[in-house]
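Peer 1: Please read through the structure below; I'll follow up with questions.
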Protein chains: 2
Amino acid sequence: MDMARERRRLSAEDWAEAALQALGDGGLAAVAVEPLAARLGATKGSFYWHFANREALVTAALELWERRSTEATIASLTVEADPVQRLRMLFTRAAGRGEGNPAELAVRAAATNDTVAPVLRRVMQRRVGYLVGLFEEIGFGPAEAARRAMLAHTAYLGHGELETRLPGTLPLDRAGGLPAYVDSVLTLLLADAPRQAEEAPR
Amino acid sequence: MDMARERRRLSAEDWAEAALQALGDGGLAAVAVEPLAARLGATKGSFYWHFANREALVTAALELWERRSTEATIASLTVEADPVQRLRMLFTRAAGRGEGNPAELAVRAAATNDTVAPVLRRVMQRRVGYLVGLFEEIGFGPAEAARRAMLAHTAYLGHGELETRLPGTLPLDRAGGLPAYVDSVLTLLLADAPRQAEEAPR
DNA sequence: CCATGTCCATACGCTAGCGTACGGTTGGCG
DNA sequence: CGCCAACCGTACGCTAGCGTATGGACATGG
């Protein structure tokens, strides 16, 4: 009677992986040593061999998350040359996943935590920076690009929150569904797009 | 030597008020009986006279929050007749407060909690519903109004999150500041408005 | 084949916070 | 005044989770 639960020894990565999983499932509070140990079929003895304390585990999980978020964004980046199409891809991907991005939501929900805050800040600044570049590439001037990037980003944040936390709150059923919404948002974000180079704010 | 801490007896409202305060300050986890008792200069004996358990306290605090959020929105509503101006007011108020809305952020961060979820859902649905009505009043059809309301709402959510959690992440310094941003967002949200597409003030 | 370093289980102590039991105040009313 | 009910303090038990101590298992090279 060998269960699916294998009996091999655990590495620090195994713990970090499980921690990230738990973070997505139950929030930062769920990144707890003893529950995780039980989930992994091990005990605290194993954990405290690999990590100094709980905070180190949280840090490791966040590192994992940060790396993957960044990689994912970069992956989306390299495919398409046209910035407008890149923007469309980003929005489609962001809005597309059914249940949203639980890990990110958990990280954001724990934004007040001292371990979490700097990681989150880095990720967001990278994102906004990328978006600003995108809008500049499209042809907006620096100021207008920053404003549109910020609108795009905040809309992304709010959307993800609604999608994963309160599904069904979105009034999309009578609004043509998600694709129509993405189209609409993109249209608004690109309203009055200049051909290229600079533009003068109204 | 009479301290500022008065010695009068506490009501359930006092506890609920303190709980709401703690919620804003330290999140849902900070709504804890013993710390609050200490903060109020009382003990658990008092608390468990007024409330059955911690969850009842959380419920009371949320009730307080829900009522006030609703009242605040309604208050903003009754002043101005022009829907475009109402929208502008909403955005200006939302973006204006310096440190944001800590209580709301705490509630949203605790969205997975079973006590919190229904309250949050109600508030958000009311908000979105109001926004949809606003955009319809402006002249958009139901579907388009829903989409723009959703964009407005998600942008509001994301903005509040950034403002209170990660101040300084907003790339507004080189984008003309917050008023310019609000103008820009409003312009985009009202792009191609059917009827009286009048907007321009500075 | 056994010794050493790696990895883990068990057992323990400690803390914060929930909830209960119960006795003591306090204040208004008869 | 005196009494009853509302209100509160104190003490207690309980749980979950952190962190430590220590001995044992297990592989692997000498």
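Read the figures in this text as sums done on the coordinates, not as results from a lab. Remember, it's a predicted structure, so these values are computed and weren't measured experimentally. Neighbour counts are summed over all protein chains in view; Cβ atoms, including those assigned to glycine, are modelled from backbone coordinates with ideal geometry.
Peer 1: Could you check the simple spin-label distance between A:L40 and B:Q85, using points 7 Å along Cα→Cβ, in nm with one decimal?
Peer 2: Each label point is offset 7 Å from its Cα along the Cβ direction, giving 6.2 nm.
Peer 1: Could you state the angle between the C-alpha long axis of helix B:177-189 and the longest principal axis of the C-alpha atoms of chain B, as a value from 0 to 90 degrees rounded to the nearest 10?
Peer 2: Helix B:177-189 and the main axis of chain B meet at about 60 degrees.
Peer 1: Another question, then. Which residues make up the longest stretch of chain A clear of GluC sites (Glu not before Pro) that lie in a DSSP loop with no more than 12 other Cβ atoms within 10 Å, not counting the sites?
Peer 2: Free of exposed loop sites, the longest segment is A:100-197.
Peer 1: Under the convention of a label 7 Å out along Cα→Cβ, give the distances in nm from A:E99 to the same position in every other copy, shortest first.
Peer 2: 3.6
Peer 1: For A:F51, what is the net charge nearby, where nearby means another residue's Cβ is under 14 Å from its Cβ and Lys, Arg count +1, Asp, Glu -1?
Peer 2: -4
Peer 1: When the dipole is taken about the Cα centre of chain B, and only Lys, Arg (+1) and Asp, Glu (-1) are charged at their Cβ, what size is it in debye, to the nearest 20?
Peer 2: Here the size comes out at about 320 debye.
Peer 1: Just need the Rg to Rh number for region B:75-194, please, alpha carbons only, Kirkwood Rh.
Peer 2: 0.97
Peer 1: Starting from the Cα gyration tensor of region A:1-86, multiply each eigenvalue by 5, take the square root, and state the resulting semi-axes largest first in whole Å.
Peer 2: Each semi-axis is the square root of five times an eigenvalue, giving 32, 15, 11 Å.
Peer 1: In the P(r) worked out for region A:51-130, what percent of Cα pairs fall beyond 16 Å?
Peer 2: More than 16 Å apart: 57 percent of the Cα pairs in region A:51-130.
Peer 1: Also, quick follow-up: Can you figure out the FRET efficiency of A:A75 with B:Y48, using R₀ = 60 Å and their beta-carbon distance, to the nearest 0.05?
Peer 2: The formula returns an efficiency of 0.65 here.
Peer 1: Provide the per-residue ³J(HN,Hα) series for region B:111-124, in order, calculated from phi with Karplus coefficients 6.51, -1.76, 1.60 and θ = phi - 60°, each as a whole number of Hz, with x at glycine and proline positions.
Peer 2: Running phi through 6.51 cos²θ - 1.76 cosθ + 1.60 with θ = phi - 60° gives 4, 7, 5, 5, 6, 7, 3, x, 4, 4, 4, 4, 4, 5 Hz.
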